[in-house]
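A.B. asks: Okay, here's the structure, questions in a sec.
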Amino acid sequence: MALDKNGIAKRIAKEVQDGFYVNLGIGIPTLVANYVRDDIEVEFQSENGVLGMGPFPFEGEEDADIINAGKQTITTLPGASFFDSSLSFAMIRGKHVDLTILGAMEVSENGDIANWKIPGKMVKGMGGAMDLVASAENIIVAMMHTNKAGESKLLKRCSLPLTGVNCVTKVVTNLAVLEIKNNQFHLLERAPGVSVEEIQKATEGTLVVNGEIPEMSI
Amino acid sequence: MINKEVKNVEEALKGVKSGMTLMLGGFGLCGIPENAISQLVKLEVKDVTCISNNAGVDDFGLGLLLQKKQIKKMISSYVGENDEFERQMLSGELEVELTPQGTLAEKCRAAQAGFPAFYTPAGFGTEVAEGKETREFDGKMYVLEPAFKADFAFVKAWKGDAAGNLIFKGTSRNFNPNMCGAATITVAEVEELVPIGTLDPNNVHIPGIFVQRIFQGKDYEKRIEQRTVRQKQ
């Protein structure tokens, strides 16, 4: 069965390692924080200026001055710090953040990503996404494999305006875990009960299937 | 001590005219200069260019200026959550220059720090880099981005003193420190204007040299955009 959003977040959480500083994008990536093992030390960075983000506050304890990049009220953990936007992006551009997890509308087989604009329909802006994808060496994209019309979002070439080029290394979807290298999607894992054929059908870009593809454990 | 204190918001915004370029601190509605924005509405200045990460919501923040059609151009990184903004942009009434968030912050900081421009990897290969100079360093491509030029910067701090020293709270810091000294005149509004000598010099985030005018703000609404809570077990 294909994963739901929480399933995708659970699988991505397994990529988070001890000692990592992690930036989580809006949407599915935000859910990843809920599933990170509690026997490892991880700090979450939010580009609006906080390191050491904690869970949402209890009702009545919200502070308008403490929010995340999704403008949600949050708390901080012991050891947290606040900083200005320039310093925040120094952490990102300077490759001090170990892992970036973000959503996408399209990803292509050469690692391009599009997630900020649909010409004529939606223009919300790129926020920090262009800085993140241009700098991070370890980028995981969390997305649904196909759009609502059933069309593949893993393409040969992105059709939407790009956010970054040649930057995505790993994609976790509701159907599969894929690695991008040599301008191809390499199938690493299948969602429980999902066949290689189903994944092949849902992938427009070049899909490489080497040997037996294991099911994800989540 | 050089005294930067002005009596009120009217005095603080003296000299603001139609057609000017204004920087405004804040991320979403967090840390926005609420008093300065209200005064800009009252002054009825037109055709201003606003440099601000976001454009407020329909009825608060920069949304108030959008309602009155006072803004000619917005330079921002993210402009969701504002229907009037979207309407004006799609109809062509409003000019919009979308800029990656880190680039936006650095264009402020470059102006503050005296750099005319800088290279950043953000936006290379995208429409953001169109028409801009690009250059390779150590095998990676970068885009040349110029510093901002602005007439006024409006920032909001938690505490400040008459010398213009500022301390920010939580994530309301965001773009505010980067905009201090990045425009011809920087106006700081503070929740608490404390007596000179009260702020510990070790804990000052922005030294007064970057601020030309400071005033005690009032009636802060500090609206929360996305109230998210968890239940007590």
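A.B. asks: By what distance, in whole Å, do the Cα atoms of the range B:1-128 stretch along each of the three principal axes, largest value first?
C.D. replies: Computed over the range B:1-128, the largest-to-smallest principal extents equal 49, 41, 26 Å.
A.B. asks: Starting from the Cα gyration tensor of the range A:84-144, multiply each eigenvalue by 5, take the square root, and state the resulting semi-axes largest first in whole Å. If you can, show how the numbers build up before the last one.
C.D. replies: Details: eigenvalues 93, 48, 14 Å².
So the equivalent ellipsoid measures 22, 15, 8 Å along its semi-axes.
A.B. asks: For the range B:57-155, rounded, prolate or oblate, judged on the Cα gyration tensor with a ≥ b ≥ c (square roots of eigenvalues), a/c < 1.5 rounded, else prolate if a/b > b/c?
C.D. replies: Verdict is prolate for the range B:57-155.
A.B. asks: A follow-up question, please. As a test of the formula, what do you get for chain A when each DSSP H run with n ≥ 4 contributes -39,500 (n - 2.57) and the sum is divided by the residue count, at 222 nm and rounded to the nearest 500 deg cm²/dmol?
C.D. replies: The helix contribution divided over chain A gives -4000 deg cm²/dmol.
A.B. asks: Roughly how crowded by other chains is peptide B:127-133, in terms of the mean Cβ count from those chains within 10 Å of each of its Cβ atoms?
C.D. replies: 2
A.B. asks: Something else now. List the equivalent ellipsoid semi-axes of the range B:35-95 in whole Å, largest first, each obtained as the square root of 5λ for an eigenvalue λ of the Cα gyration tensor.
C.D. replies: One finds semi-axes of 16, 12, 11 Å for the range B:35-95.
A.B. asks: Provide the net charge surrounding A:V22, with neighbours chosen by a C-beta distance below 10 Å and charges set as Lys +1, Arg +1, Asp -1, Glu -1.
C.D. replies: Every neighbour counted, the sum reads -3.
A.B. asks: Going by average Cβ neighbours within 10 Å, how do the peptides B:162-172, A:174-184 rank, with the highest at the top? Walk me through the numbers on the way to the answer.
C.D. replies: On the way: B:162-172: 23.6, A:174-184: 19.5.
So the order, starting with the most tightly packed, is B:162-172, A:174-184.
A.B. asks: Along the charge dipole of the range A:100-218, which of A:H145, A:A114, A:L207 sits closest to the positive end, that is, farthest toward it, with unit charges on the beta carbon of Lys, Arg, Asp and Glu (+1, +1, -1, -1)?
C.D. replies: Of A:H145, A:A114, A:L207, it is A:A114.
A.B. asks: Dipole of the protein assembly as shown, Cα-centred, from +1 at each Lys and Arg C-beta and -1 at each Asp and Glu C-beta, to the nearest 20 debye?
C.D. replies: It comes to approximately 720 debye.
A.B. asks: Stokes-Einstein D for chain A at 25 °C, 0.890 mPa s, Kirkwood Rh over Cα pairs, in µm²/s? Please report the intermediate quantities before stating the final value.
C.D. replies: Details: Rh = 17.8 Å.
In µm²/s, the coefficient rounds to 138.
A.B. asks: Which whole-number percent gives the relative contact order of the range A:100-218, counting Cα pairs below 8 Å spaced six or more residues apart?
C.D. replies: 28
A.B. asks: So if we plug the beta-carbon distance of B:K42 and B:T134 into 1/(1 + (r/R0)^6) with R0 = 56 Å, what FRET efficiency do we get, rounded to 0.05?
C.D. replies: Efficiency for this residue pair is about 0.80.
A.B. asks: Just how large is the dipole of the range A:47-157 about the Cα centre, in debye to the nearest 20, putting +1 at every Lys and Arg Cβ and -1 at every Asp and Glu Cβ?
C.D. replies: 680
A.B. asks: Let me ask something additional. For the range B:175-229, what value does the Rg/Rh ratio take when both radii are computed over Cα atoms and Rh is the Kirkwood radius, given to two decimals?
C.D. replies: 1.03
A.B. asks: OK, next. Take the alpha-carbon centre of the range A:112-155, take the same for the range A:39-68, and report the distance between them in whole Å.
C.D. replies: 24
A.B. asks: Over all directions, average the projected area of the Cα convex hull of chain B and note it in nm².
C.D. replies: Quarter of the Cα hull surface area: 15.9 nm².
A.B. asks: Tally Lys/Arg at +1 and Asp/Glu at -1 over every other residue whose Cβ is under 14 Å from the Cβ of A:P161; what's the total?
C.D. replies: Charge balance in the 14 Å sphere: 0.
A.B. asks: With a sphere of radius 14 Å drawn around the Cβ of B:V143, what net charge do the other residues whose Cβ falls strictly inside it have (Lys, Arg +1; Asp, Glu -1)?
C.D. replies: Around B:V143, the charge tally is -2.
A.B. asks: Something else now. Among A:91-97, B:187-193, A:123-129, how do they line up by average Cβ neighbours within 10 Å per residue, starting with the highest?
C.D. replies: By packing density, highest mean first, the sequence is A:123-129, B:187-193, A:91-97.
A.B. asks: Once you order the gyration tensor axes a ≥ b ≥ c over the Cα atoms, which shape class does the range B:120-233 get: rounded for a/c under 1.5, otherwise prolate or oblate by comparing a/b with b/c?
C.D. replies: oblate
A.B. asks: Cα convex hull of the protein assembly as shown: how many Å³ per residue?
C.D. replies: Details: hull volume 69.6 nm³, N = 451.
In the protein assembly as shown, the Cα convex hull volume per residue is 154 Å³.
A.B. asks: Continuing with the same structure: Determine, for each peptide in B:136-142, B:12-18, the mean count of other beta carbons within 10 angstrom over its residues, then list the peptides with the highest first.
C.D. replies: Peptide ranking by packing, descending: B:12-18, B:136-142.
A.B. asks: Please give the average number of partner chain Cβ atoms lying within 10 Å of the Cβ of each residue in A:41-49, rounded to a whole number. Don't skip to the answer; put the middle values down first.
C.D. replies: Values: counts 0, 0, 0, 0, 0, 2, 6, 13, 13.
Mean inter-chain Cβ contacts per residue within 10 Å come to 4.
A.B. asks: Once the Cα gyration tensor of the range A:58-98 is found, what semi-axes does its equivalent ellipsoid get, as square roots of 5 times the eigenvalues, in whole Å, sorted largest first?
C.D. replies: Details: eigenvalues 114, 25, 15 Å².
Output for the range A:58-98: semi-axes of 24, 11, 9 Å.
A.B. asks: Quick one: putting +1 on the C-beta of Lys and Arg, -1 on the C-beta of Asp and Glu, what dipole do you get for the range B:58-102 around its Cα centre, in Debye to the nearest 20?
C.D. replies: So the magnitude is around 240 debye.
All of the numbers you see were taken from the coordinates with simple rules; none came from a lab. Computed from a predicted structure; not experimentally measured. Every residue, glycine among them, receives a Cβ derived from its backbone with ideal geometry; neighbour counts consider all protein chains shown.
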